[in-house]
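K.L.:
Submitted below is the structure of interest, expressed as structure tokens.
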């Protein structure tokens, strides 16, 4: 689904992070730009780049950030002004904190030890408590995001810690939730991942240049090769001496977000050893095994439904076809429609190829149904184009519970599966049949990896608040 589809359904990843350190002293801003462009699917509301020159005064950090897509916020002139061989970048979709220019990342802070720039993907479940604790000791906040809470705790820990990486570790011992962090100090690039590994982070290399990124697809964008994933609970420090690793915070329990493999990650990424494309093929095959139906053609809703549709086709031996044309030029500036106009907005972003579906029984594979509005409109479009039947197959189980870890799953009342039976949903969206991925078959997608499926089961990998934390700082 396109960005505007996500805005309507409420299903979004929060952020993408990217960091580069070029040991030969070359400027890294253009590499970060291309990396962020490759991570644009992880956040379309704001973005930013911060760089420093390791051979210049330690307090100097150049940065630029604003609301908008990467190619809207940056141009050649701006990139040319960002001089430095060490830098971090960020793309953001707002969950906690809302969408405003002040919330764009990276966060750049100046303190007695120098400067820090921080890019964060994820959500903290104890951010409100930590924020209040900081406020009562005199902290003044410039944003409404929990990433600033992390930045303050790292800065305060650095006053007493001998190294930045130890300060990051001390902060990690206080924060709870999901996070992939990239921290830029005057001479180091540090990557850290929450102990459960909920949010992804990997390491790449190109010659004498080291890279940290949310997904491996962003490494390819700047010509870097994948080295390895940052392990859950690991802190990786990249300096002129090379790479060092602290795995003392690792634990036996892990819980990767299963929706990275179902939907969020780009199809050409590999996360924790699992090929995202292959995981979606496996999801489609599992769907076909669990929910067979007689039909003439299998089609996938772009983008994340396509691979699952191919998997369904391979297992069922029902031909795969391309039924949709996606308008690639509909970005964030597209006027968000009123409820009454949403059908028209779907038609602008997605159109049906009548020659593919006319007179045929169609199996339509998609990644999820959240509120049901978009699915209903697409099914209507298929039938208007001549499809005689539309059987919907969803490569995830029904959404029943909210996410507290940085995925913008709506509250229970807005989740169609929370308030309606599968039979009722099938009728509401106008499908001839409906089948969801079986909970116990999710493991087939990721092999031996431990994962979090709390949005489907309500079994959270840690204690979560008994309140909605998605907009806690909006009025602060």
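Values in this text are rule-based calculations from the coordinates and carry no lab data. Here the structure is a predicted model, which means the values were calculated and not measured. Positions of Cβ are backbone-derived with ideal geometry, glycine not excepted, and every protein chain shown enters the neighbour counts.
K.L.:
Quick one: pull the percentage of alpha-carbon pairs in the range 103-219 with a separation above 22 Å.
P.N.:
Percent of Cα pairs beyond 22 Å in the range 103-219: 31.
K.L.:
Just the number, please: percent antiparallel of the DSSP beta bridges in the range 278-450, rounded to the nearest 5.
P.N.:
Rounded to the nearest five, the antiparallel share is 15 percent.
K.L.:
To continue, here is another question. What's the extension gain from residue 459 to residue 428 if we count 0.36 nm per residue and subtract their Cα-Cα distance?
P.N.:
Stretched fully, the residue 459-residue 428 segment lengthens by 8.3 nm.
K.L.:
While we're looking at this one, here's another question. Hey, what did the chain get for relative contact order, percent, Cα under 8 Å, at least 6 apart?
P.N.:
Worked out over the chain, it gives 15 percent.
K.L.:
Next question. For the range 8-255, rounded, prolate or oblate, judged on the Cα gyration tensor with a ≥ b ≥ c (square roots of eigenvalues), a/c < 1.5 rounded, else prolate if a/b > b/c?
P.N.:
rounded
K.L.:
Do the sum for the chain: with -39,500 (n - 2.57) for every DSSP H run of n ≥ 4, divided by all residues, what is the mean residue ellipticity at 222 nm, to the nearest 500 deg cm²/dmol?
P.N.:
-7500 deg cm²/dmol, from helical runs alone.
K.L.:
To the nearest 10 degrees, how steeply does helix 373-384 sit against the main Cα axis of the chain, on a 0 to 90 scale?
P.N.:
The two axes meet at around 40 degrees.
K.L.:
Name the shape class, rounded, prolate or oblate, that the alpha-carbon gyration tensor gives for the range 166-250, where a ≥ b ≥ c are the square roots of its eigenvalues, rounded holds for a/c under 1.5, and otherwise prolate holds if a/b is larger than b/c and oblate otherwise.
P.N.:
Verdict is oblate for the range 166-250.
K.L.:
Extent of the range 278-450 along each principal axis, from alpha carbon coordinates, in Å, largest to smallest?
P.N.:
42, 39, 32
K.L.:
What ranking, highest mean first, results for peptides 37-47, 426-436 when packing means the other Cβ atoms within 10 Å averaged over each residue?
P.N.:
By packing density, highest mean first, the sequence is 37-47, 426-436.
K.L.:
Let me ask something else about it. Which percent, to the nearest 5, of DSSP beta bridges fully inside the chain are antiparallel?
P.N.:
80 percent
K.L.:
Cβ neighbours within 10 Å, averaged per peptide: list 20-30, 453-463 in order, most packed at the top.
P.N.:
By packing density, highest mean first, the sequence is 20-30, 453-463.
K.L.:
In which sequence would 181, 189, 130, 350 go, from the one with the fewest C-beta neighbours within 10 Å to the one with the most?
P.N.:
Ranked by crowding around the Cβ, least crowded first: 130, 350, 189, 181.
K.L.:
Right, here's the next one. Take the range 40-132, compute every pairwise Cα distance, and split them into 5 Å bins from 0; I just need the percent in each bin.
P.N.:
3, 13, 21, 23, 18, 13, 7, 2, 0
K.L.:
For the range 201-241, rounded, prolate or oblate, judged on the Cα gyration tensor with a ≥ b ≥ c (square roots of eigenvalues), a/c < 1.5 rounded, else prolate if a/b > b/c?
P.N.:
oblate
K.L.:
Consider just the alpha-carbon atoms of the chain and return their Rg together with their Dmax, both in angstrom.
P.N.:
Rg and Dmax of the chain, Cα atoms, are 22.3, 72 Å.
K.L.:
Note the angle between two axes, namely the Cα long axis of helix 276-290 and the longest principal axis of the Cα atoms of the chain, as a number of degrees from 0 to 90, rounded to the nearest 10.
P.N.:
Long axis of 276-290 versus the principal axis of the chain: about 30 degrees.
K.L.:
Give me the percent relative contact order of the range 8-255, please, defined on Cα pairs under 8 angstrom at least 6 residues apart.
P.N.:
Relative contact order for the range 8-255 comes out at 20 percent.
K.L.:
Could you tell me how many degrees, from 0 to 90 and to the nearest 10, lie between the Cα long axis of helix 304-316 and the main elongation axis, the longest principal axis, of the Cα atoms of the chain?
P.N.:
Approximately 50 degrees, to the nearest 10.
K.L.:
Given the Cα-Cα distance of residue 173 and residue 75 and 0.36 nm per residue of separation, how much length would full extension add, in nm?
P.N.:
Between residue 173 and residue 75, full extension yields 31.4 nm more.
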